[in-house]
Amino acid sequence: MKILIVDDEAINRTLLTNMLYNAGYKECIEAVDGVEAIKKFTHEKPDLVLLDVVMPGLSGFDVAPKIRKLAKGPYLPILFITALEDKESLVRCLEVGGNDFATKPFDRHILIAKIRAHLKIRALSEHIEQQNKALRLFNQRVAREHAIVEHIFSHAIVNRPEVMAHFDCFLKPAETFNGDLFLCESSPSGGIYFVVGDFTGHGLASAIGALPVTRAFQELSQQGVSISEIISELNRILIKFLPSDMFMAAVVGEINAGGNRINLWQGGMPAVIVPAKTDLALRCIPSRHMALGILDEHELNTDCDTIQLGCNEQLVICSDGLIESTTQEGEMLLEEGLVRIVKEQMQTHGKIESNSLFLKAKEHCAASSFHDDVTLVVFTSQPIKTPVSPKMDFGLPSVHEVALDAQHLKQPDILQRVLQLAGQCEGIQAVRSIIYTVLSELFNNALEHGILKLDSKLKADSTGFHQYYENREASLKALSHGRINIRIESLPLKGKVLIAVEDSGEGFEWNKASTVGRRHSVHDESFGRGLPLLHALCERVWFENGGSKVICLLDTKI
Amino acid sequence: MEITSSYQNQGKVLVVDVGTKFDFSKVEDFRNAYGELGADVSHITVDLSRTEYMDSSALGMLLNMQKTLAERELTYSIENARPQVAKILKISRFDKKFDIK
């Protein structure tokens with residue numbers, strides 16, 4: 001610790017220097033007057049200044065404010081050493097920038113104790129200064145990292161404007177990063193999929209989960225899968241990615257092309273509202289499930305609600321940030337409060353608009369800001385107009401070929417695996433389910449009739465129906481030889497898919513067989529509808545190799 | 001996903017949810033779903049809201065259900081089919097045997 005002693009009398013300086021030396025402060029510098037004091041202070045940067053008041057030239061009262069002005073950084077103690085004892089002088093010592101004073105003749109113990117105390121404060125102040133510096137650096141780094149992540153988010157989580165145009169949304173994050181999420185994407189069958197999600201907490205940590213969710217949602221939407229499949233996949237991803245105390249409440253829905261029917265899965269979100277002016281007509285559909293990212297796959301329930309919307313009817317979805325807004329008295333808005341506001345809005349405006357609904361809810365809320373993110377999504381029943389994504393227009397042509405032997409055919413999930421392969425073709429999304437049906441039909445025909453040689457007529461009555469499937473199982477178990485070749489060729493540019501299935505069986509008289517199908521046009525037989533179904537679903541169906549090979553041509557455009 | 005069935009409307013309606021895939025692999029499960037039918041049941045609803053595709057054996061299973069339960073005076077509906085699945089039902093003219101909603 002370096003101490004500057006300012007006194008015009010040599011004897012005083014020596015006295016102080018010795019006293020300090022003995023007390024362990026070995027680094028003392030001396031100045032004989034005010035001018036030298038300022039000079040030495042600037043060069044030596046002492047930790048503490050002992051300042052005489054009465055000096056020729058600049059007095060201690062003149063020097064103190066100048067030194068104070070020069071002192072940058074942590075707390076600098078200036079202690080006056082003075083023979084003056086009147087109150088005004090002592091008060092002045094403190095007023096001009098001194099921190100303390102000691103009167104001459106000074107008591108050694110008191111002076112050293114004061115110096116110790118002030119140096120301790122200086123050390124603390126230095127410590128704080130360092131911490132502040134570290135904090136400033138840290139803040140700068142975090143701000144920069146946030147800027148980077150925000151950039152990534154703003155580019156990764158983007159809804160196509162033409163899809164987004166079907167919704168009236170109000171999104172208000174509590175912090176820069178949003179724990180709430182709204183995604184929408186057109187479905188290959190002309191409708192729209194959407195997700196309104198709310199991660200536990202808010203800020204960066206909760207927003208992080210949004211990235212994998214967004215990616216999966218966009219991919220699944222393009223494949224045109226069912227809501228329950230989207231739910232299962234999102235749940236799987238969230239369980240895998242997020243720590244166990246984090247999860248996502250969500251409303252996931254599929255709107256049909258007509259815009260009047262919505263399949264809805266709700267987990268852990270406030271009830272969705274179909275507004276109306278009266279209690280009787282207004283519909284509230286509460287969440288039936290837990291949030292995503294909690295339950296294991298086998299516990300997860302993917303049951304959906306189906307909501308029919310009449311002409312101009314609306315669907316209002318909100319995150320809990322809105323209904324948990326509180327008054328000064330700590331009273332929450334809750335679903336009941338929101339329903340009340342919705343009814344009022346319906347009576348005044350005849351429809352719900354997200355922004356004004358939010359403003360009304362905000363009037364209820366005392367604090368100027370919401371504690372949580374707020375998301376409000378309103379969909380008004382309307383036919384969906386969305387252009388198909390370019391991937392569907394310029395999909396890659398592909399051929400998948402599988403040769404299955406008896407061992408493969410025994411696998412219980414063999415058909416599922418073949419279907420999965422077909423599902424990967426590009427440009428088939430609009431007819432994915434149809435392709436599954438056709439492929440399943442062809443596969444089962446080849447296996448049951450071509451290879452296992454089962455007779456469909458057995459299925460004519462109820463007992464036989466089950467007998468048939470028992471026979472199927474037994475024959476399959478005993479199967480040692482047999483082969484089914486499957487070839488799936490997708491030609492997205494032509495909008496066609498060619499599916500060929502050939503089995504090692506003897507074939508059949510397909511001319512006769514297809515008339516068999518027609519003969520049973522009574523439509524109440526539980527067999528014989530496979531072939532007519534194929535003919536109805538496909539543009540063309542033909543047979544080769546004496547009926548052991550079937551080829552179907554499908555149109556992939558609706 | 002397995003087939004689930006539940007009673008609604010004081011046991012008067014049986015709702016059978018067939019899950020994502022409705023094909024021959026569901027023969028047993030589907031039969032069990034209406035196997036021990038409650039005495040009060042007057043209507044059976046087959047819910048296809050989660051169903052991604054169905055094939056002709058599923059059509060057979062639906063008709064077989066009606067045959068098996070022919071002695072009971074029941075009404076039947078198939079509900080919430082997705083467009084591509086609804087197309088299969090339409091092609092097969094199932095509207096004649098089921099109330100399709």
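The values are calculated or read from the model by the stated rules, or taken from the named source; none is laboratory data. Bear in mind the structure is a predicted one, so any value in this text is a computation, not a measurement. Ideal geometry is used to build each Cβ from the backbone, glycine not excepted, and the neighbour counts take in all protein chains shown.
Among the helices (runs of 4 or more DSSP H) lying completely within region B:18-101, list those that include at least 1 residues that are modelled with pLDDT under 85. The qualifying helices (runs of 4 or more DSSP H) are B:56-68, B:83-91. Scanning region A:406-453 for residues that are buried (at least 16 other Cβ atoms within 10 Å of the Cβ), facing another protein chain (nearest Cβ under 10 Å) and either basic (K, R) or in a loop (DSSP other than H, G, I, E, B) (or both) gives a single hit, A:R432. Taking the conditions (1) outside any loop (DSSP other than H, G, I, E, B); (2) without any contact (Cβ under 8 Å) to a residue 12 or more places away in the chain; (3) small (G, A, S) in turn, A:G330 satisfies each one other than (1).
The single condition among (1) within 18 Å of the chain's Cα centre (by Cα); (2) at pLDDT below 90 that A:V252 does not satisfy is (2). For region B:21-29, the count of residues that are in contact with a strand residue (DSSP E or B) (Cβ under 6 Å, 6 or more places away or on another chain) and not hydrophobic (A, V, I, L, M, F, W, C) is zero.
Counting the residues of region A:271-298 that are small (G, A, S) and touching a residue at least 40 places away in the same chain (Cβ under 8 Å) gives 4.
It is to be established whether one or more residues within region A:369-388 are in a helix (DSSP H, G or I) and either modelled with pLDDT under 85 or not acidic (D, E) (or both). Scanning region A:369-388, I find no residue that is in a helix (DSSP H, G or I) and either modelled with pLDDT under 85 or not acidic (D, E) (or both), so the answer is no.
Residues that are within 19 Å of A:A117 (Cα to Cα) and touching a strand residue (DSSP E or B) at 6+ places or on another chain (Cβ under 8 Å) number at least 2 in the following helices (runs of 4 or more DSSP H) confined to region A:1-96: A:10-22, A:87-95.
Applying the condition of being aromatic (F, W, Y) and either closer than 26 Å to A:R432 by Cβ or facing another protein chain (nearest Cβ under 10 Å) (or both) to region B:14-35 and asking which residue is surrounded by the most Cβ atoms within 10 Å (Cβ to Cβ) yields B:F22. Sort out which residues of region A:286-308 are more than 11 Å from every other protein chain (Cβ to nearest Cβ) and either surrounded by fewer than 16 Cβ atoms within 10 Å (Cβ to Cβ) or under 9 Å from A:Q266 (Cβ atoms) (or both), and write them in order of number. Matches in region A:286-308: A:P286, A:S287, A:R288, A:H289, A:D296, A:E299. Quick one: in region A:230-242, of everything that is within 14 Å of chain B (Cβ to nearest Cβ) and touching a residue at least 24 places away in the same chain (Cβ under 8 Å), which residue is nearest to B:Q84 (Cα to Cα)? Filtering region A:230-242 for residues that are within 14 Å of chain B (Cβ to nearest Cβ) and touching a residue at least 24 places away in the same chain (Cβ under 8 Å), the one nearest to B:Q84 (Cα to Cα) comes out as A:I230.
Taken over region A:166-197, the criterion of being free of Cβ contacts under 8 Å to residues at least 60 places away in the same chain, among the acidic types (D, E) and closer than 18 Å to A:Q314 by Cβ is satisfied by no residue. The residues of region A:515-544 that are at pLDDT below 85, more than 25 Å from B:A70 (Cα to Cα) and more than 14 Å from chain B (Cβ to nearest Cβ) amount to a single one, A:T515.
Within region B:36-66, the set of residues being under 13 Å from the mean Cα position of the chain (by Cα) and either farther than 15 Å from B:V18 by Cβ or facing another protein chain (nearest Cβ under 8 Å) (or both) comprises B:H43, B:S49, B:R50, B:T51, B:M54, B:S57, B:L59, B:G60, B:M61, B:L63, B:N64, B:Q66. Out of everything in region B:1-13 that is farther than 19 Å from B:A81 by Cα and polar (S, T, N, Q), what residue ends up being nearest to the other protein chains (Cβ to nearest Cβ)? Per the stated criteria, the residue is B:Q8.
Looking only at residues in region A:192-214 that are at pLDDT 90 or above and either outside any strand (DSSP E or B) or more than 14 Å from chain B (Cβ to nearest Cβ) (or both), the one that is surrounded by the most Cβ atoms within 10 Å (Cβ to Cβ) is A:G197. Does A:G259 meet the test of being within 14 Å of chain B (Cβ to nearest Cβ), of a type in the set (G, A, S), within 21 Å of A:V377 (Cβ to Cβ) and more than 20 Å from the chain's Cα centre (by Cα)? So A:G259 fits the description; yes.
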